[in-house]
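Below: the structure, in structure tokens.
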Amino acid sequence: MSFRPPPCRRVTRSGWICWVLLAGLALLVADLPAAAPSHDKPSAKVDDPGTDLWRFVRRRAPELRSLAEKGAIGPVTTQVKGVDTSVLINDKGQEWRLYRHRMLIPISAIVLGTVAVLLLLLYLAVGRRVPDPRETGKRLLRFVAYERTLHWFMAAIFLFLGVTGLTILYGRPLLIPLVGKESFSAMASASKEGHNLFGPLFLVSLLLFLQRFWRRNLYSRGDLRWLIRLGGLLGGDSPPAGFFNMGEKMLFWLLIAVGLLICASGLVLLFPNFGQGRLLMEGAHLIHTLGAVLLLATIMAHIYMGIATKGAMDGMKGGYVEYSWARHHHREWADEEEKKGRVLSEEEVRRRFGEARKIGVPEREAGT
Amino acid sequence: MIAQLIDGPLWLFSAWFFLVVALWRLLVILFKGRPKSLAKPRNAPGGALATIFRRFLPYPEFRKVSRVRFWAGYAFHVGLLALLFFAAPHVEFLSQRVTGFSWPALPHWAFEVAAELALGGLLFLALFRLMDPVTRFISSTGDHLASWLVFLVMLTGCFALWRSHESLRLLHLFLAELLLIYFPFSSLMHALTFPFSRGFTGAVYHRKGVNI
Amino acid sequence: MARMKFYCDAARCIECNGCVTACKNENEVPWGINRRRVVTIKDGVHGERSLSVACMHCSDAPCAAVCPVDCFYTTDDGVVLHDKDICIGCGYCFYACPFGAPQFPQDGAFGTRGKMDKCTFCAGGPEPDGSAEEYRKYGSNRLAEGKLPLCAEMCATKALLAGDAGVISDIYRKRVVNRAAASLEWGARLQRANFRAPDSGTGTETRKGHR
Ligand code: HEM
Ligand code: SF4
Ligand code: SF4
């Protein structure tokens, strides 16, 4: 006897419509209030008066308070003064524990590790990209001293916060086996104090950054085109860009937005004395750590680009960039500067850096 | 072993070393005296004091360009002075080991604010020294070294802020001792010499009738 | 070797706060900290209940799981203790604990947390038993002297029980059985044996019936 497979059934269009309608109906019915039970008939079910009590024990204080206001239950009180002291059971504590240990620690390790390894491999494979090797001997001033200082100020603080924060996060699995509990306790205590002290400084640097650079990071025409072509990553010439390209602008606003979130949640954790409860602090910790991991991964990519793109670091080191680099990466800006006559010779730049005598500029002029 | 060394002999050595060498340098400078000025005096003597105080503010011409350095500088110096002499752990240490008497300390929150100001100000200034062509040109290796050494002392101090781990306190103390030893040889001496150098300039130029 | 537990009998606790006071006095607890507290549910309403809570010395203790410096340990008696020399005052145990047991002395106006402090089941800390150092950091070590925690010893109604889990659960089991029997004798419904009735009327029926 030969076996014949049953004909393949396909859901027809009208079939789909029927299903959708049915699902909609089900939703509607589910939303309708259940038929009110009649109170006249005696119920066979006897409620244990204790159940609602123990149910309330697990609820948090605000809910209990609102129930109390409705007269549903009496107030929950304690004579011990303090935040949250009348909460009997903090059931969000377990959720926070699961978040930190099942999600944050493994997932952030994977994310940060993967990004770091990928970038390192990319660097080893591609090396320092040389977009335009032409040395024109001409220079453009990109960042003044204040801007460069501010950048490294923020970078130092950021890296310090990242290292100290990650020490607290990964120290127990990674460092305690290496150095022992006593030494790690000292390291962790130092990290905590350092983290707490530098945190507010990060906020200061962020605000100074915003004040200095926000205007140059506003969206301008052509940025979308740059983004669609991924800044020339897909091949071809670099699409023209202004002082900052769309990638840099996105980094800037991400840094500002997420940075401010991190700072705000960090301050909630930093001052436990303003009457905020555990729930708020657990939430703040969630935001703080998610933001921190996101920024750390982003900044790793940022550092990679700074190192791998030849000529990019010059602007943040001495402030002057090679003219051909500017033409390649920020054509509109470079052209504008040229129109304004701000292209400088290499000698002029070196003179400004005080190597005056070496290249024979008269001493009086160099100001020595 | 190392702990006892840092807490005992090394502390005594560095403190005395600082005291003797710094004093000696100061006296050398003071006993050098002023070169004889041949210019005809245009003013009665007495321009020194005014200049000492006037130099607490930048020249009006430079106010705008040096605005950031001005604020960062004041944040650092005021924060550092408050930390050095009025932080509770320092008051304790100094009164027990040096002076023998105590004085009121800052409350903890003011201590932390002072630490923020000092750390932020110094980090900014030390980076600015590297980034600005002019300050970089006029800075010697010693100047950079001094900035970062002071920064390290303050950083380890902030690590030890909680006062729970002896090892952290000793690290801070050790770096402070290094700083005390390096101090008299470095431009950090300006902490002691600034009234004299300002006064000297003020006196000389006042005599010549130049208002600075 | 025992498995030490606290048990608070909500049918007996009269919210006298004697346990709170006893603990504070016995252990010289730092200013602003109460290792034990009494919480009253349905305060002033029919069916009011009070419970005395402190560290419950969890078997799988969340505080120990989250501590970044791993400073908790469980003694042979099943008591969860911590080492104040290692604690860095990060507050994570306080976020994770279901009962709000870990607390922090606040020094200064910035409220930076000090070393965590919590109920030790009157079992001190890692220092040698009964040493002055141990007393200064953790309070008294009654367990080493063969005594039970003072809060439970002082409890006037014997609502708060402390001791080996087997012993105190036997005591409680007997109480439950007796109460159920008493309720049945008075004709109350079995379900009401352990809990006063909700605010449904005079409540006299259960008032008499349940103890
Ligand atoms: C962007 C830079 C920052 C990074 C990368 C960062 C990272 C971290 C990390 C990884 C932790 C540890 C979380 C854990 O162990 O579960 C942490 C904790 C914390 N962070 Fe940050 N953070 C940053 C900025 C800040 C800022 C700006 C503040 C304060 C204004 C702050 C305050 C805190 C506080 C108070 C904690 C809790 C640790 C404790 O209580 O000792 N952080 N941070
Ligand atoms: S402190 Fe909290 S989590 Fe830790 S053992 Fe005690 S009750 Fe359990
Ligand atoms: S406060 Fe102390 S005991 Fe609690 S988790 Fe942090 S380090 Fe551990």
So for R0 = 51 Å, FRET eff. of B:Lys36-B:Trp109 from the Cβ-Cβ r, to 0.05, ends up at 0.40
Counting only protein heavy atoms with a 1.4 Å probe and every protein chain in place, the carbon and sulfur fraction of the accessible surface of the range B:33-125 in whole percent equals 70 percent
Counting only residues 5 or more apart in sequence or on a different chain, those whose built amide H sits under 5 Å from that of C:Gly100 are A:Asn90
dims of the range B:34-114, Cα set, principal axes, largest to smallest, nearest Å -> 54, 35, 17
Correct response: the longest run of chain B lacking exposed chymotrypsin sites (Phe, Trp or Tyr not before Pro), defined by DSSP loop and at most 12 other Cβ within 10 Å, is B:102-212
Dipole check, the range C:4-168, charges on Cβ (K,R +1; D,E -1), about Cα centroid: among C:Ile33, C:Ala165, C:Ser131 the Cα furthest to the positive pole belongs to C:Ile33
Per residue, the convex hull enclosing the alpha carbons of chain B has a volume in Å³ of 156 Å³
Pairs over 28 Å Cα to Cα, from A:Lys192/B:Lys64; A:Lys81/C:Lys42; A:Lys310/A:Lys339; C:Lys147/C:Lys174; C:Lys24/C:Lys147, come to A:Lys192/B:Lys64
Zone reached by a paramagnetic label modelled 7 Å from A:Gln211 Cα along Cα→Cβ, restricted to the range A:153-194 with backbone N below 15 Å, covers A:154
Judged on accessible area alone, 1.4 Å probe, highest first, A:Met300, A:Met103, C:Met4 line up as A:Met103, A:Met300, C:Met4
In the range A:136-168, the residues losing 30 Å² or more of accessible area (1.4 Å probe, heavy atoms of protein chains only) relative to their chain alone are A:Ala145, A:Tyr146, A:Arg148, A:Thr149, A:Trp152, A:Phe153, A:Phe160, A:Ile168
Simple spin-label estimate for C:Ala11/B:Leu145, 7 Å along Cα→Cβ, in nm, reads 8.1 nm
Cα-Cα pairs in the range A:309-349 separated by more than 17 Å, as a whole percent of all pairs, come to 27 percent
Output for the range B:63-115: trypsin sites (Lys or Arg not before Pro) sitting in coil per DSSP, at most 16 other Cβ within 10 Å, listed by number, reads B:Arg63, B:Lys64
Amide H proximity to A:Tyr320 below 5 Å, modelled H, separation 5+ or other chain, gives A:Arg142
Under the Karplus relation with 6.51, -1.76 and 1.60 and θ = phi - 60°, whole-Hz ³J(HN,Hα) for the range A:85-95, x at Gly and Pro, equal 5, 8, 7, 6, 10, 9, 7, 7, x, 5, 4
Under 18 Å by backbone N from the virtual spin label 7 Å along Cα-to-Cβ at B:Tyr74, the residues of the range B:159-193 are none
Here, chymotrypsin sites (Phe, Trp or Tyr not before Pro) of the range A:250-287 satisfying both criteria (DSSP loop; at most 14 other Cβ within 10 Å) are A:Phe274
Once phi for every residue in the range B:52-66 is put through the Karplus expression 6.51 cos²θ - 1.76 cosθ + 1.60 (θ = phi - 60°), the whole-Hz ³J(HN,Hα) values, with Gly and Pro written as x, are 3, 7, 4, 6, 6, 10, x, 4, x, 5, 9, 4, 6, 5, 9
Rounded to whole Å², per residue accessible area for the range B:21-105 with a 1.4 Å probe reads 77 Å²
So the C/A interface buries, both sides summed and with a 1.4 Å probe, an accessible area in Å² (nearest 100) of 4300 Å²
Each residue of A:204-210 has, on average, a number of other protein chain C-beta atoms within 10 Å of its C-beta equal to 1
Interface B-A: total buried accessible area (1.4 Å probe, Å², nearest 100) of 2300 Å²
Residue span A:Ala257 to A:Asp84: 0.36 nm per residue of separation minus Cα-Cα distance leaves a gain in nm of 59.2 nm
With label points set 7 Å from each Cα along the Cα-to-Cβ direction at C:Thr74 and C:Asp164, the distance between them in nm comes to 1.8 nm
Semi-axes (Å, rounded, descending) of the ellipsoid equivalent to the range C:60-145 per its C-alpha gyration tensor are 21, 16, 10
Averaged per residue, the 1.4 Å probe accessible area of the range C:58-117, protein heavy atoms only, in Å², is roughly 28 Å²
Expressed as a whole number, the average count of other chain Cβ atoms within 10 Å around the Cβ atoms of C:33-39 is 5
Taking only the Cα positions of the range C:4-168, the convex hull volume per residue in Å³ is 126 Å³
Calc'd 3J(HN,Hα), the range B:70-76, phi into Karplus 6.51 cos²θ - 1.76 cosθ + 1.60 (θ = phi - 60°), Hz, glycine/Pro = x, comes to 4, 5, 4, x, 5, 4, 5
Heads up, the range A:148-310 by the C-alpha gyration tensor (a ≥ b ≥ c square roots of eigenvalues; a/c under 1.5 rounded, else a/b over b/c prolate, else oblate) looks prolate
With label points set 7 Å from each Cα along the Cα-to-Cβ direction at A:Ala125 and C:Ala180, the distance between them in nm comes to 7.0 nm
With the 1.4 Å probe rolled over protein heavy atoms, the range A:69-227 has an accessible area per residue in Å² of 52 Å²
Averaged over the residues of B:147-159, the number of partner chain Cβ atoms within 10 Å of each residue's own Cβ comes to 2
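The values are calculated or read from the model by the stated rules, or taken from the named source; none is laboratory data. Since the model is a prediction, treat every value here as computed from it, not as a measurement. Cβ: placed from backbone, ideal geometry, glycine included. Neighbour counts: every protein chain shown. What goes into the accessible areas is simple: the full protein's heavy atoms, side chains included, and nothing from ligands, DNA or RNA. Shrake-Rupley method; radii C 1.70, N 1.55, O 1.52, S 1.80 Å.
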